[in-house]
Amino acid sequence: MTQTDLVIPRPDDMHLHLRDGDMLRAVTPASARDFGRAIIMPNLVPPVVTRGDVHAYRARILAALPDGADFQPLMTMYLTEQADADEIAAAHAAGEIVAVKLYPAGATTNSDSGVRNLDRVMPVLERMAEIGLPLCVHGEVTDAEIDIFDREAVFIEHVLAPLRRRLPELRVVMEHVTTADGIDYVRGSGGDIAATLTVQHLALNRNALFVGGIRPHNYCLPVLKRERHRLALRAAATSGDRRFFLGTDSAPHPRHAKEAACGCAGCFTAPVALGILAQIFEQEEALDDLPDFASGFGAAFYGLPPATARLRLRRSDRPVDLPARLSAAGVDVEIFDPGFDVHWWPEPAA
Ligand code: DOR
Ligand code: ZN
């Protein structure tokens, strides 16, 4: 019998870009509708690097929430080579941040202030290991000579594995893992490591970048990979292994910045993420694993209390009419299209 209704603890998005200004006002309601908490990425221009930046950005997010929203932004700081271990430790102790984000300089959108030489941030990482503050990692090398499809695997071998041998106590989240290499690394590692998985990497392989022409709205970083990698991600997401959990990496850009000669990386998935995810778990005959993946394991890794609110996902026989674009607060953003029928949709809160 086809399942028609699924009630899960209100999900957490463990990797989310909300941006700033008009974009922040336009996209925040979509995440607040379906998610109870989200880990907010700090790659603004300029990035979120000080306690003052964190405080001010959090206030702007709260101001962008609809009245009565049940949504808690969990803040992060952007790691630079100038970072101050004392300030980061103080922010953590005061409950102002849940993680620090490492962007290798040049790896992705707004990563110019990121880290060029890991040696320069070792004192900060050592302090984070001491106090148990997780490091969220954008795991791609940036060398132009490395093939873009290999950047995650090379990062693991040349950067992450040596770092973790040097500092095994550091808690690490490999963000938006996209390859079987990443999955195998997490599975085979001892210690406190986890990985987030996005909806688009579970839904699509790299062919989706070139269906009948170039598809800028499917372009994100790390870039979509081969089918065998997508299948490895699906297997991990539905395996019941607590080290794998949802982080949508929903990353809105204005339409004109995606549909351009040099288009930005990022898929805006927030408004459709949970319906698509339920569809994927149904395809995998693993709907029973959805609550842990979307609502349980992430909170447990970050030491957050389990969600008490619930979200009802409804299944309709007819495919849902997925929204194609968000036009609000003066911005126009294309919403991610998974390329297959979706029958699941979160029920609006009463
Ligand atoms: O596709 C991406 N977009 N990947 C990232 O790592 C950053 C994000 C963004 O901020 O646009
Ligand atoms: Zn991201």
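The values are calculated or read from the model by the stated rules, or taken from the named source; none is laboratory data. In this text the structure is predicted, and so the values were computed from the model without any measurement. Cβ coordinates were reconstructed from backbone atoms using ideal geometry, including for glycine residues, and neighbour counts include every protein chain displayed. Note: accessible area is taken over every heavy atom of the protein model, side chains too, but ligands, DNA and RNA are not part of it. Shrake-Rupley method; radii C 1.70, N 1.55, O 1.52, S 1.80 Å.
Details
- Rg to Rh, two decimals, where the chain supplies the alpha carbon set and Rh follows Kirkwood: 0.93
- Helix 227-237 axis, angle to the chain major axis (alpha carbon atoms, nearest 10°): 90
- Rg/Rh (Cα only; Kirkwood hydrodynamic radius) as it applies to the range 260-343: 1.03
- Against the main long axis of the alpha-carbon atoms of the chain, helix 122-131 sits at an angle near 60°.
- Accessible surface of the range 89-170, 1.4 Å probe, proportion on carbon and sulfur as whole %: 46
- Compared with the direct C-alpha span, the chain from Met122 to Ala260 gains 45.8 nm at full extension, assuming 0.36 nm per residue.
- Summarising the strand pairing of the chain, around 35 percent of its internal DSSP beta bridges are antiparallel.
- Global geometry of the range 32-151, whether rounded, prolate or oblate, following the gyration tensor of its Cα atoms and the 1.5 cut on a/c: oblate
- If you take all other residues with their beta carbon under 12 Å from the beta carbon of Asp53, and give Lys and Arg +1 and Asp and Glu -1, the sum is 0.
- Taking every C-alpha pair closer than 8 Å and separated by at least 6 residues, the mean separation divided by the residue count of the range 198-291 gives a relative contact order of 33 percent.
- For the chain, built as a Gaussian network whose Cα springs stay under 10 Å, the top-fluctuating residue of Gln279, Gln82, Gln200: Gln82
- Helix 51-64 vs. the chain, principal-axis angle (Cα, 0 to 90°, nearest 10): 10
- Within the shell of other residues whose beta carbon sits under 13 angstrom from the beta carbon of Val223, the net charge comes to +1, with Lys and Arg scored +1 and Asp and Glu -1.
- Karplus-derived HN-Hα couplings along the range 320-335 (A = 6.51, B = -1.76, C = 1.60, θ = phi - 60°), whole Hz, x at Gly and Pro: 6, 7, 6, x, 9, 8, 10, 10, 7, 6, x, 10, 10, 10, 6, 8
- Taken along the Cα-to-beta-carbon direction at a fixed 7 Å, the label points for Asp288 and Ala63 span 4.9 nm.
- Point-to-point label distance, Asp20-Gln72, nm (Cα→Cβ direction, 7 Å offset): 2.6
- Per residue accessible area of the chain, 1.4 Å probe, in Å²: 41
- Other residues with beta-carbon under 14 Å from the beta-carbon of Pro319 carry, at +1 per Lys or Arg and -1 per Asp or Glu, a net charge of -2.
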